[in-house]
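A short write-up of the structure that comes next.
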Amino acid sequence: MLQQLKFNGDVVVVTGAGSGIGRSTAEALAELGATVVLVARTLSKLEEVKASIEKSGGKAEVFVADVSKEADVKALRAFVDEKWGRCKAIVNNAGNNFVSLVTDLSTQKWDELIAVDLNSVFYMCREFIPLLLKEKNPSILNVASTFGHIGHPKMPVYCAAKGGVISFTRQLAVDYGTQGLRVNSICPGPTLSPRVKGYFDTGRTDPTETLSKVMLGRFAQCDEIGNVAAFLVSDAASYVHGASILVDGGQTIN
Ligand SMILES: NC(=O)c1ccc[n+]([C@@H]2O[C@H](COP(=O)([O-])OP(=O)(O)OC[C@H]3O[C@@H](n4cnc5c(N)ncnc54)[C@H](O)[C@@H]3O)[C@@H](O)[C@H]2O)c1
């Protein structure tokens with residue numbers, strides 16, 4: 001199994017790799033020998049992650065892109081194609097949340113969130129699938145959320161987008177499985193990323209209310225999600241296909 005977990009220099013693209021779950025996923029992949037393409041909007045954050053990976057003996061490249069923009073995703077794909085001409089896997093992790101009742105939600109905010117949480121996954125998959133199909137045992141991992149499976153107070157756009165990611169993932173699995181491309185989604189439960197910490201610090205969401213639903217009684221650390229994400233795109237998960245993997249400390253079982 002250890003051999004199947006190794007990437008031996010294979011190129012893996014991780015979006016939203018500047019912090020949180022994306023950063024942890026990128027670090028886990030680099031530890032397993034992947035050449036990781038770190039993608040986010042802020043160069044300084046990406047450079048920090050790259051330096052940390054290289055300090056541990058791993059390989060990484062940075063690419064600045066707003067993945068909610070089609071042109072940026074096309075430029076990313078061109079960069080990967082020109083530099084390596086191959087890509088083993090993509091992890092579509094970039095995302096955001098907005099807390100509001102639907103009656104208080106502007107069309108602009110709806111469009112903005114759908115663009116980053118759902119459209120970005122569409123752009124990434126459409127642009128990268130031709131490149132992935134040239135690879136042996138390629139895979140796509142889309143980062144959805146438990147809130148794609150269950151409801152949560154005041155999260156109409158986030159829940160809709162993540163439900164869309166799960167459904168879109170399943171559909172791609174139907175269309176591309178016979179060509180050897182594995183496509184899965186991962187659904188983290190509440191995870192202490194910088195963004196989520198910020199929600200608690202500013203009182204936007206109540207941690208005790210969230211935790212009361214989590215059977216392990218605690219939040220995930222980002223690496224507890226990143227480790228599973230790295231496994232899912234590796235050859236060690238070769239029969240996991242079209243799945244929506246809950247990594248939620250038991251949030252959805254109660
Ligand atoms: N933290 C949680 O509790 C939790 C739970 C379930 C799902 N998720 C999902 O996990 C993913 C990562 O979340 P996180 O909590 O680590 O967030 P985070 O804010 O800590 O990290 C997200 C990263 O994505 C980047 N990003 C955001 N919009 C982008 C864009 N348009 N283009 C490029 N990069 C962009 C950010 O700059 C950041 O580097 C998201 O898709 C989120 O919905 C998180």
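Taking the listed residues Val39, Val11, the one that is surrounded by 18 or more Cβ atoms within 10 Å (Cβ to Cβ), near the ligand (Cβ under 9 Å from one of its atoms) and either modelled with pLDDT under 95 or under 12 Å from Ile90 (Cα atoms) (or both) is Val39, with no other qualifying. On the basis of being more than 9 Å from the ligand (Cβ to nearest atom), surrounded by fewer than 22 Cβ atoms within 10 Å (Cβ to Cβ), among the β-branched types (Val, Ile, Thr) and assigned to a loop (DSSP other than H, G, I, E, B), does Thr252 make the cut? Considered against the rule, which asks whether it is more than 9 Å from the ligand (Cβ to nearest atom), surrounded by fewer than 22 Cβ atoms within 10 Å (Cβ to Cβ), among the β-branched types (Val, Ile, Thr) and assigned to a loop (DSSP other than H, G, I, E, B), Thr252 comes out as yes. If you filter the range 14-36 down to residues that are of a type in the set (Ser, Thr, Tyr) and near the ligand (Cβ under 10 Å from one of its atoms), you find that the one that is surrounded by the fewest Cβ atoms within 10 Å (Cβ to Cβ) is Ser19.
Within the range 190-218, residues that are touching a residue at least 24 places away in the same chain (Cβ under 8 Å) sit with their Cβ atoms under 8 Å from residues that are loosely packed, with under 11 Cβ neighbours inside 10 Å and in a loop (DSSP other than H, G, I, E, B), at 6+ positions apart or across chains, in these pairs: Lys213/Asn254; Met215/Ile253; Met215/Asn254.
Condition check ((1) outside any helix (DSSP H, G or I); (2) under 27 Å from Gly249 (Cα atoms); (3) of a type in the set (S, T, N, Q)) across all residues:
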{"residue": "Asn137", "(1), (2), (3)": "yes, no, yes"}
{"residue": "His152", "(1), (2), (3)": "yes, yes, no"}
{"residue": "Gly163", "(1), (2), (3)": "no, yes, no"}
{"residue": "Phe168", "(1), (2), (3)": "no, yes, no"}
{"residue": "Val183", "(1), (2), (3)": "yes, yes, no"}
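Starting from residues that are within 14 Å of the ligand (Cβ to nearest atom), surrounded by fewer than 16 Cβ atoms within 10 Å (Cβ to Cβ) and of a type outside the set (A, V, I, L, M, F, W, C), keep the ones in the range 210-235 and report whichever is nearest to Ala26 (Cα to Cα). For the range 210-235, the residue satisfying everything is Gln221.
The values are calculated or read from the model by the stated rules, or taken from the named source; none is laboratory data. The model shown is predicted, which means the values in this text are computed figures rather than measured ones. Backbone-built Cβ (ideal geometry, glycine too); neighbour counts: all protein chains shown.
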